[in-house]
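The next block holds one structure in the form of structure tokens; read it before the comments.
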Amino acid sequence: MDMKSKFSNKVAHLEASAIREIFKLLAKPGIISFAGGAPDPNLFPTKELSEIAAEVLLNDGKTALQYGITEGYLPLRNWVKDRLKNQGIGSEDDETIIVSGGQQGIDLAAKSLLNPGDGVVCEEPSFIGGLNAYRSNNAELYGVPVESDGINTEKLEELLKTHENIKILYTIATFQNPSGITMSLEKRKKILELASKYDFIIFEDNPYGDLRFTGEEIPTMKSMDKEGRVVYLGSFSKILAPGLRLGFTCANKELMERMIICKQVEDVHTNVLSQMVAYNFVTKYSIDEHIAKLRECYGRKCKLMIEYIDKFFPSCVSHTNPEGGLFLFCTMPEGYDAKEVMAKALESGVAFVPGSTTMIDDKAPSNTFRLNYSTASEEDIKCGIEALGKVLHEIMD
């Protein structure tokens, strides 16, 4: 039987994440990977979490192992609400729920809003998980270039003037994935103005916002949202542990009602044990002290990677200079294809993410690539960037 002919239109056109496919190549011994997007596992508070998990199961196992409510474990949910409130996020017209990782928040909001053919504006480059969430809902994707201070708002408005089907703008405004760029306050305010003028919803995805290691804090768009147009998406994955699969979403109550119904269909509720473990951690220990350790480590690794890039890469290869987060983005001269470079880099024991995977048209060649500095050790950063530099020189010299 030809099973492919039976697939729904929602998924028939989707491709497996190229990043996931790259991971399969990493099974080769000796590969230094800058391809992932994960935190440094050495920074996971494993001792504290293991003790908390044991205590929760011993003292409140009946709750931890039972069905939970869709909106989330109430103590954790209230803690998140209070933390967001301290950041100016959330109004009387908003609701906040716990989701199974930030990715689920994107998916629930997309399902609740998108009809086939509705338009979604994405930064270009953008996060592959977000792009596929919109593709799976048969949305029409439109890319707008990211500049050194965020999305090009002039080109955004040109697009809005000529496309009445645009319903959502998706942005990672702070320490963007994959570029590492942070959107300026001026552009954040401009996007809010455009959302009101052209009547669209903003998805503000902010999984990296706590990981600032230099520069000044910039208010989130949600904290400046006066019309309930911003869906705010956060995560515990980058500040605690991604394996817990915990995220949170704050959005207008009417929209949230639809999202909760969709979540009931998807997974009934987020893992209760994980929620209880996380709540006990953030109330027993200082999450801000833990985040400070992450910031120091990632700032040091980012500085080291940039130092070695400047030392070993051809001068014609430029890079972004993140103020936080997990990634930086490199751009080669026109005419070079990062996928071809990656094939040679793998032969030299180094992996990265080609920029094509982060574009609307992921089949087109791209002269860009993403490097992750959070996961590799400092020694691997030194060796891997030097090896990648040699590959780039061989190709370009």
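The values are calculated or read from the model by the stated rules, or taken from the named source; none is laboratory data. Everything numeric here is computed off the predicted structure, so don't read it as measured data. All Cβ positions, even for glycine, are placed from backbone atoms using ideal geometry, and neighbour counts span all protein chains on display. The protein model used for the area step is the full one, side chains on, heavy atoms only, and it has no ligands, DNA or RNA in it. Shrake-Rupley method; radii C 1.70, N 1.55, O 1.52, S 1.80 Å.
Selection of the stretch 101-120 for residues being open to solvent by less than 10 Å² (accessible area, probe 1.4 Å) and under 16 Å from the mean Cα position of the chain (by Cα) yields 101, 105, 106, 108, 109, 110.
Summed over the stretch 267-286, the residues that are open to solvent by 10 Å² or more (accessible area, probe 1.4 Å), out of contact with any Pro (no Cβ under 8 Å at 6 or more places or on another chain) and under 29 Å from residue 322 (Cα atoms) give a count of 2.
Only a single item in (1) in a helix (DSSP H, G or I); (2) at pLDDT below 95 is not met by residue 35, and it is number (1). Within the stretch 209-224, being surrounded by fewer than 24 Cβ atoms within 10 Å (Cβ to Cβ) and within 16 Å of residue 187 (Cα to Cα) holds for 216, 217, 218, 219, 220, 223, 224. Restricted to the stretch 340-357, and to residues there that are out of contact with any Phe, Trp or Tyr (no Cβ under 7 Å at 6 or more places or on another chain) and not hydrophobic (A, V, I, L, M, F, W, C), the residue that is surrounded by the fewest Cβ atoms within 10 Å (Cβ to Cβ) is 347.
Being surrounded by fewer than 18 Cβ atoms within 10 Å (Cβ to Cβ), in contact (Cβ under 8 Å) with a residue 24 or more places away in the chain and of a type outside the set (S, T, N, Q) is the requirement here; does residue 386 meet it?
On the way: surrounded by fewer than 18 Cβ atoms within 10 Å (Cβ to Cβ): yes; in contact (Cβ under 8 Å) with a residue 24 or more places away in the chain: yes; of a type outside the set (S, T, N, Q): yes.
The answer is yes for residue 386.
Could you tell me whether residue 301 is charged (D, E, K, R), in a helix (DSSP H, G or I) and either under 18 Å from the mean Cα position of the chain (by Cα) or closer than 19 Å to residue 326 by Cα (or both)? Against the criterion (charged (D, E, K, R), in a helix (DSSP H, G or I) and either under 18 Å from the mean Cα position of the chain (by Cα) or closer than 19 Å to residue 326 by Cα (or both)), residue 301 qualifies.
Go through the stretch 33-55 and count every residue that is open to solvent by less than 20 Å² (accessible area, probe 1.4 Å) and over 16 Å from residue 273 (Cβ atoms).
Let us first name the residues in the stretch 33-55 that are open to solvent by less than 20 Å² (accessible area, probe 1.4 Å), namely 34-36, 39-40, 45, 52.
Pick out the ones that are also over 16 Å from residue 273 (Cβ atoms) and you get 34-36, 39-40, 45.
Counting residues in the stretch 33-55 that are open to solvent by less than 20 Å² (accessible area, probe 1.4 Å) and over 16 Å from residue 273 (Cβ atoms) gives 6.
With respect to residue 209, is the statement that it is in contact with a strand residue (DSSP E or B) (Cβ under 8 Å, 6 or more places away or on another chain) and either closer than 20 Å to residue 326 by Cβ or without any contact (Cβ under 8 Å) to a residue 60 or more places away in the chain (or both) true? It is true that residue 209 is in contact with a strand residue (DSSP E or B) (Cβ under 8 Å, 6 or more places away or on another chain) and either closer than 20 Å to residue 326 by Cβ or without any contact (Cβ under 8 Å) to a residue 60 or more places away in the chain (or both). In the stretch 122-131, the qualifying residues are those that are touching a strand residue (DSSP E or B) at 6+ places or on another chain (Cβ under 6 Å) and buried (at least 24 other Cβ atoms within 10 Å of the Cβ), and the one that is farthest from residue 353 (Cα to Cα) is 122. Note on the stretch 346-365: residues that are farther than 17 Å from residue 131 by Cα and within 24 Å of the chain's Cα centre (by Cα) total 4.
Might you let me know whether the stretch 141-148 holds any residue that is open to solvent by less than 50 Å² (accessible area, probe 1.4 Å) and free of Cβ contacts under 8 Å to residues at least 60 places away in the same chain?
Start the filter on the stretch 141-148 by keeping residues that are open to solvent by less than 50 Å² (accessible area, probe 1.4 Å), which leaves 141-144, 146.
Checking which are free of Cβ contacts under 8 Å to residues at least 60 places away in the same chain leaves us with 144, 146.
Yes, the stretch 141-148 contains at least one residue that is open to solvent by less than 50 Å² (accessible area, probe 1.4 Å) and free of Cβ contacts under 8 Å to residues at least 60 places away in the same chain.
Say whether the condition of being over 20 Å from residue 148 (Cβ atoms) and either assigned to a strand (DSSP E or B) or free of Cβ contacts under 8 Å to residues at least 40 places away in the same chain (or both) is met by at least one residue in the stretch 313-334. No, the conditions are met nowhere in the stretch 313-334. In the set (1) open to solvent by 10 Å² or more (accessible area, probe 1.4 Å); (2) without any contact (Cβ under 8 Å) to a residue 60 or more places away in the chain, the condition left unmet by residue 236 is number (1). Output the residues belonging to the stretch 255-290 that are of a type in the set (Asp, Glu) and closer than 20 Å to residue 137 by Cα. Once the filter is applied, which keeps residues that are of a type in the set (Asp, Glu) and closer than 20 Å to residue 137 by Cα, the stretch 255-290 yields 257, 266, 267. Within the stretch 166-186, the set of residues being open to solvent by 20 Å² or more (accessible area, probe 1.4 Å) and either of a type outside the set (S, T, N, Q) or within 22 Å of residue 129 (Cα to Cα) (or both) comprises 167, 181, 182, 185, 186.
Is one or more of the residues making up the stretch 10-26 at pLDDT 70 or above and either open to solvent by 50 Å² or more (accessible area, probe 1.4 Å) or farther than 20 Å from residue 240 by Cβ (or both)?
The initial filter retains those residues of the stretch 10-26 that are at pLDDT 70 or above, namely none.
Within the stretch 10-26, none of the residues are at pLDDT 70 or above and either open to solvent by 50 Å² or more (accessible area, probe 1.4 Å) or farther than 20 Å from residue 240 by Cβ (or both).
Go through (1) open to solvent by 40 Å² or more (accessible area, probe 1.4 Å); (2) hydrophobic (A, V, I, L, M, F, W, C); (3) touching a residue at least 24 places away in the same chain (Cβ under 8 Å) and name the single condition residue 84 misses. Single failed check for residue 84: (1). With respect to the conditions (1) part of a helix (DSSP H, G or I); (2) of a type outside the set (D, E, K, R); (3) farther than 25 Å from residue 245 by Cα, residue 134 lacks only one, and its number is (3).
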